[in-house]
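The values are calculated or read from the model by the stated rules, or taken from the named source; none is laboratory data. Small disclaimer: the values here were computed from a predicted structure and weren't measured. Virtual Cβ from ideal backbone geometry, glycine too; neighbours counted across all protein chains shown. We work out accessible area using only protein heavy atoms, side chains counted, and drop any ligands, DNA or RNA first. Shrake-Rupley method; radii C 1.70, N 1.55, O 1.52, S 1.80 Å.
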Amino acid sequence: MNIHPIRTEADYKAALRVVSKLVDLDPALGTPDGDRLDVLATLIEAYEAKHYPIPAPDPIALLQHVMESRALTRKDLEPYIGSRARVSEVLNRARPLTLAMIRRLSEALNLPADVLVKEYPARVA
């Protein structure tokens, strides 16, 4: 295996080309090609995390995405946020999430608390 760290954009693009070819071969785990694919994927992931980080969404955007992807309604959020009015205020950015809300949402819906605690823009009344 002739694998080295990905240090430059050229290294990154070359690694992507090799991975593309290896994926087309569909190598089995534990084979030389499978091991090469595994190592290159790890190196690519590390390079992308450093050079192309994806910022975490704001908490309300996350909640809206979760609601849409899981077909949840505002009523479904009431046990975690509070009354219908409170859910509306939070989703409309008129009221921030409290620590208690964040804990309940994180635990019940398996949402990352570190994203829910981030500051986000609020609607000015």
Scanning region 1-35 for residues that are open to solvent by 100 Å² or more (accessible area, probe 1.4 Å) and touching a residue at least 12 places away in the same chain (Cβ under 8 Å), the one nearest to HIS51 (Cα to Cα) turns out to be MET1
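Considering only residues that are open to solvent by less than 90 Å² (accessible area, probe 1.4 Å) and not aliphatic (A, V, I, L, M), look in region 36-49 and name the one that is modelled with the lowest pLDDT. Walk me through it before giving the result.
First, the residues of region 36-49 that are open to solvent by less than 90 Å² (accessible area, probe 1.4 Å): 36-37, 39-44, 46-49.
Narrowing further to those that are not aliphatic (A, V, I, L, M): 36, 42, 47-48.
Working: ARG36: 90, THR42: 95, TYR47: 95, GLU48: 95.
Per the stated criteria, the residue is ARG36.
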Across (1) of a type outside the set (Ser, Thr, Tyr); (2) closer than 21 Å to PRO96 by Cβ; (3) touching a Leu at 6+ places or on another chain (Cβ under 7 Å), ILE44 clears everything bar (2)
